[in-house]
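Report on the structure given below.
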Amino acid sequence: AFAALLRLRSASSSTFASSPASRFLRPAAGQVSGIPRSGSFQRQRRGGFAARHGAAALVAVVVARRAAKAATAEVVGSETQADLLKVLRRKKAPLARAQKTIESLRAGGFLGGVRQFSSAIVACDKGDKWQLAVKLFDEMMELGLPPTDAALSAVLGACERGGAMEIFERIKGGQIDEVSPKVSVPATKIRSVPSGDTTVLYSKDALCTRFREKAASPERLALASEMLHSGGHLEVTLSYTTAIRSCEHGLHWEWALSLLYEMAPRGVPQDVVTFNVAIAACGRGLQWQRSLAVLESMPAASLTADHETYQATTLACSRSNMWEQALAQLSLAHKLGLADWETYSLAMMACASSGAWEVPVAMLDAIGTSAAPKDAKKDLLTYGAALYGCMEASQWASCLNLLRQMPDEEVEPDQINYACVVQACRDAKQQLMEFELTNEMQMKGFDTNIKDVLHDATLAADFPEVRSPVPLNQLAAMKSKEVSVFKYVRRKAVPGDIDSVMNAIEQFAEDRSWLKIQGDTKKDLLEATIRPTDRIVEMGCYVGYSSMLMARRLRKLGGQGSVTTCEIDAINAYVARCVHQFAGVEGEVHVRVGSATDWIHTGQLGEIDFLLLDHRGTIYHEDLYSAEPSLSPHAIIFADNVIHPGAPLFLHYIDYQGYDFEIHELKEFKKELDDWVVVCKALPPGHERKPLPKDPPFELRRLSSEVDHISWRSQEQPVDWMEFQSMSRPIFYKWKKDTGH
């Protein structure tokens, strides 16, 4: 049915130019070679349709597939930082092996902060590798990292023992910028690139970050590309995929194509994922023709498209309002058995947002037949796409008919569905029907402010780290309070202003619904504890308040640290990322979905200078035990919510393990409840680490179980926290007295 409608609408539309597909692949810079074309690409093109409407934000955006999977796969191996530093300390270790060891430190995330650089420099000095010590020291200066006394002493000692007295005098005299040109290390072994007057080692991630910058100049991107190549960072497929994905972040589609098509000449295998990411990068840059041309070039690389490939091409077309091309991509995928519900929904919404209202209605009717993917279903999303298309075309009767059909398909209409029909009736001057539907909305308890409802319907969680964009209204059914926080922030705060966003979240907690965030005195203590170069890992992101607070603090201290926050609840992570994007800190706060301990064990989080425990208190002790091998020698552990709701086994563990810690007795944010924040110092080097205690005190174990019970219950119904604290508080203070803290 919708194919017939497509032919009907295409009859009056203009045809595309018949220029070869390869011309769409050649950026202005001329960096991409031509691509073999075939007739299949020309057959995929249909008549163009002049879009009458801008693309609605309702269209969910498929972005950067398998980001988390690719990130998790990029693990350097089982070697720890301590193992690698031992290699540098060995005087008999060849220089070439030491150089490779430094690269392993980089790849494992063990060379990023002041303390990590200092440890490596000291290790090189002890291993009589003065050239590498000087190079690492020089890189610290280039990155703006202040050298520690240990690093300065080690590099001076290394120069003196290596007979490099000229460099020794220059470093001692503060002329650090002139150090590198005098260092002689075989260029074939060290991954380095000349840059002005210095030669600096850079990690792959640091260079790829430049491609994520939307405002990066062509010169900066060209230099990053040069350094990636000369630094030996683009030698495997996964490295190219990471770089191309970074180009998608920054809307640098030209560089994405340049990197993709240089792989084969350089002997690096291409795979489907790399092509998919390049297609997505072109689509995000509104280059739908180039996206289709990349698809056409896959057979020349002996690759076969998968279902994610067609999701990416369908999206690329819908981004540019090319609904007929999006539909053609769906049709092709369906013939190949690669169409799925997600691709089908994308095509429906592309048509709906472009004024082709008959097509999504026909596609809705086709669900359940051989014309639609087997996993396609009639639900709020597919009905919503059809209703939206009818509303945009002022087809009020069709809107009303769809609304009345929904209960028959066991789909309960929500307020967005009603709002679409009311708006269609309003546009068509059908006042009686508008009045009747508005009354129905009131009876169902829906918001009757149609403008606000439709505006909220356009909001979606759209960022490269998720497989597909997620409409916020779908999340609201599961996390209504958290989604409401973001909507409130959008209405009350100023985009890009962290202070106004944090104030809006605090105001929401005070006026609407209380949130468990680190406000008031807790906020002051947290800011006072953070140091300029701290590499921060947070366990428990929630809506992103504390991670924004820490990013703001690092900005004020010079912007040299980093914040990584782990959230096991995917919906909370989506909301936090939306909040971070609105506040303008998405480049400074990295949100990881999943268990923090799992991420730590991959080695990708690197060494931790500041560990914030702000999740489920009854497992603080287990997570701290797992994180201890990754803590730097001067790390700080900042544990919130220790007595509200409570972390009794954590208290027993840090006392049992011999931590040096302080207890700060504070009030809970906007509550008359007591709480403790416990700040611990990392165990000193050489401290004999004990295994987790097998038999903690019975009273603490019982209290831990009761904390879990009331916490889970509080998510479903109101609980009396004051009454619970009247029972638990004496137990905590008894422990404090008995242990002498």
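What about Asp695, is it without any contact (Cβ under 8 Å) to a residue 60 or more places away in the chain, acidic (Asp, Glu) and open to solvent by less than 40 Å² (accessible area, probe 1.4 Å)? Judged against the criteria, Asp695 is not a match. Among the residues of region 628-640, at least one is of a type in the set (Phe, Trp, Tyr), in contact (Cβ under 8 Å) with a residue 40 or more places away in the chain and part of a strand (DSSP E or B).
Quick check on Val579: is it over 26 Å from His664 (Cα atoms), in contact with a Gly (Cβ under 9 Å, 6 or more places away or on another chain) and open to solvent by less than 10 Å² (accessible area, probe 1.4 Å)? Considered against the rule, which asks whether it is over 26 Å from His664 (Cα atoms), in contact with a Gly (Cβ under 9 Å, 6 or more places away or on another chain) and open to solvent by less than 10 Å² (accessible area, probe 1.4 Å), Val579 comes out as yes.
Residue-wise test of (1) of a type in the set (Gly, Ala, Ser); (2) open to solvent by 40 Å² or more (accessible area, probe 1.4 Å).
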{"position": "Ala222", "(1), (2)": "yes, yes"}
{"position": "Gly232", "(1), (2)": "yes, no"}
{"position": "Glu235", "(1), (2)": "no, yes"}
{"position": "Arg245", "(1), (2)": "no, no"}
{"position": "His252", "(1), (2)": "no, no"}
{"position": "Gln289", "(1), (2)": "no, yes"}
{"position": "Leu295", "(1), (2)": "no, no"}
{"position": "His307", "(1), (2)": "no, yes"}
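Of all residue pairs spaced 6 or more apart or on separate chains, those with beta-carbon atoms under 7 Å, a first member in region 261-290 that is closer than 17 Å to Gln311 by Cβ and a second member that is of a type in the set (Ser, Thr, Tyr) and surrounded by fewer than 17 Cβ atoms within 10 Å (Cβ to Cβ) are Asp271/Thr237; Thr274/Thr237. Scanning region 677-691 for residues that are in contact (Cβ under 8 Å) with a residue 40 or more places away in the chain and either touching an Asp or Glu at 6+ places or on another chain (Cβ under 6 Å) or surrounded by fewer than 16 Cβ atoms within 10 Å (Cβ to Cβ) (or both) yields Val677, Val679, Lys681, Pro684, Pro685, Arg689.
Run down Leu228, Leu234 and say which single residue is without any contact (Cβ under 8 Å) to a residue 60 or more places away in the chain, outside any helix (DSSP H, G or I) and of a type outside the set (Val, Ile, Thr).
Step by step, each of Leu228, Leu234 is checked, and only Leu234 is without any contact (Cβ under 8 Å) to a residue 60 or more places away in the chain, outside any helix (DSSP H, G or I) and of a type outside the set (Val, Ile, Thr).
Look at Ser711 and say whether it is in contact (Cβ under 8 Å) with a residue 60 or more places away in the chain, among the hydroxyl-bearing types (Ser, Thr, Tyr), farther than 30 Å from Gly606 by Cβ and in contact with a Lys or Arg (Cβ under 8 Å, 6 or more places away or on another chain). Judged against the criteria, Ser711 is a match. Close contacts from region 292-305, counting a first residue that is touching a residue at least 24 places away in the same chain (Cβ under 8 Å) and closer than 18 Å to Leu327 by Cα and a second that is open to solvent by 10 Å² or more (accessible area, probe 1.4 Å) and of a type in the set (Ser, Thr, Tyr), with Cβ to Cβ under 7 Å and a gap of 6+ residues or different chains, come to Ala293/Ser22; Glu296/Ser38; Glu296/Ser40. When Lys736, Lys694 are screened for being among the basic types (Lys, Arg) and in contact with a strand residue (DSSP E or B) (Cβ under 9 Å, 6 or more places away or on another chain), only Lys736 passes. Got at least one residue in region 669-676 being open to solvent by 60 Å² or more (accessible area, probe 1.4 Å), within 33 Å of the chain's Cα centre (by Cα) and over 23 Å from Pro629 (Cα atoms)? Checked against the condition, which is being open to solvent by 60 Å² or more (accessible area, probe 1.4 Å), within 33 Å of the chain's Cα centre (by Cα) and over 23 Å from Pro629 (Cα atoms), region 669-676 yields at least one hit.
Residues are listed down the side, and each one gets a yes or a no for (1) more than 28 Å from the chain's Cα centre (by Cα); (2) among the charged types (D, E, K, R); (3) open to solvent by 20 Å² or more (accessible area, probe 1.4 Å); (4) at pLDDT 65 or above:
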| site | (1), (2), (3), (4) |
| --- | --- |
| Arg191 | yes, yes, yes, no |
| Val200 | yes, no, no, no |
| Lys204 | no, yes, yes, no |
| Cys208 | no, no, no, yes |
| Phe211 | no, no, no, yes |
| Tyr240 | no, no, no, yes |
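Apart from one condition, His644 fits all of (1) surrounded by 23 or more Cβ atoms within 10 Å (Cβ to Cβ); (2) at pLDDT 90 or above; the exception is (2).
Each row is one residue, and each column tells you yes or no for (1) at pLDDT 85 or above; (2) surrounded by fewer than 24 Cβ atoms within 10 Å (Cβ to Cβ).
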| residue | (1), (2) |
| --- | --- |
| Asn503 | yes, yes |
| Gln507 | yes, yes |
| Arg512 | no, yes |
| Lys516 | no, yes |
| Gly519 | no, yes |
| Lys523 | yes, yes |
| Val563 | yes, no |
| Leu611 | yes, no |
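Is it fair to say Ala301 is touching a helix residue (DSSP H, G or I) at 6+ places or on another chain (Cβ under 9 Å), over 23 Å from Ala371 (Cβ atoms) and surrounded by fewer than 24 Cβ atoms within 10 Å (Cβ to Cβ)? Judged against the criteria, Ala301 is a match.
In region 88-99, the qualifying residues are those that are touching a residue at least 24 places away in the same chain (Cβ under 8 Å) and not in a loop (DSSP other than H, G, I, E, B), and the one that is most open to solvent (accessible area, probe 1.4 Å) is Arg89.
Candidates are the residues of region 101-132 that are of a type outside the set (Asp, Glu), open to solvent by 20 Å² or more (accessible area, probe 1.4 Å) and in contact with a Lys or Arg (Cβ under 9 Å, 6 or more places away or on another chain); the one that is modelled with the lowest pLDDT is Gly112.
Give the number of residues within region 297-308 that are outside any loop (DSSP other than H, G, I, E, B) and modelled with pLDDT of 90 or more. Total meeting the criteria: 2. Taking region 584-601 as the range and being open to solvent by 20 Å² or more (accessible area, probe 1.4 Å) and touching a Gly at 6+ places or on another chain (Cβ under 9 Å) as the test, the residues that pass are Gly584, Glu588. The residues of region 498-514 that are part of a loop (DSSP other than H, G, I, E, B) and in contact (Cβ under 8 Å) with a residue 40 or more places away in the chain amount to a single one, Trp514.
Could you run through region 306-340 and say how many residues are of a type in the set (Gly, Ala, Ser) and free of Cβ contacts under 8 Å to residues at least 24 places away in the same chain?
1
Screening Ser726 with (1) surrounded by 15 or more Cβ atoms within 10 Å (Cβ to Cβ); (2) out of contact with any Pro (no Cβ under 7 Å at 6 or more places or on another chain); (3) hydroxyl-bearing (Ser, Thr, Tyr) gives one miss only, at (1). A Cβ distance below 6 Å, combined with a sequence gap of six or more or placement on separate chains, defines the contacts here; from region 607-623, residues that are closer than 17 Å to His644 by Cβ reach residues that are of a type in the set (D, E, K, R) in the pairs Leu612/Glu538; Asp614/Asp640; Thr618/Asp708.
Restricting attention to region 525-551, the residues that are open to solvent by 40 Å² or more (accessible area, probe 1.4 Å) and of a type outside the set (Gly, Ala, Ser) total 4.
Here Gln442 meets each of (1) under 18 Å from Met348 (Cα atoms); (2) open to solvent by 10 Å² or more (accessible area, probe 1.4 Å); (3) part of a helix (DSSP H, G or I) with one exception, condition (1). Residues of region 529-536 include none that is of a type in the set (A, V, I, L, M), more than 27 Å from Asp598 (Cα to Cα) and in contact with an Asp or Glu (Cβ under 9 Å, 6 or more places away or on another chain).
Under the condition of being more than 28 Å from the chain's Cα centre (by Cα) and of a type outside the set (Phe, Trp, Tyr), the residues counted in region 316-328 number 5.
The values are calculated or read from the model by the stated rules, or taken from the named source; none is laboratory data. Quick caveat, the model's predicted, so the values are computed rather than measured. Here Cβ is always computed from backbone atoms with ideal geometry, including for glycine, and neighbour counts include all displayed protein chains. In case anyone asks, the SASA skips ligands and DNA or RNA and just uses the protein heavy atoms, side chains included. Shrake-Rupley method; radii C 1.70, N 1.55, O 1.52, S 1.80 Å.
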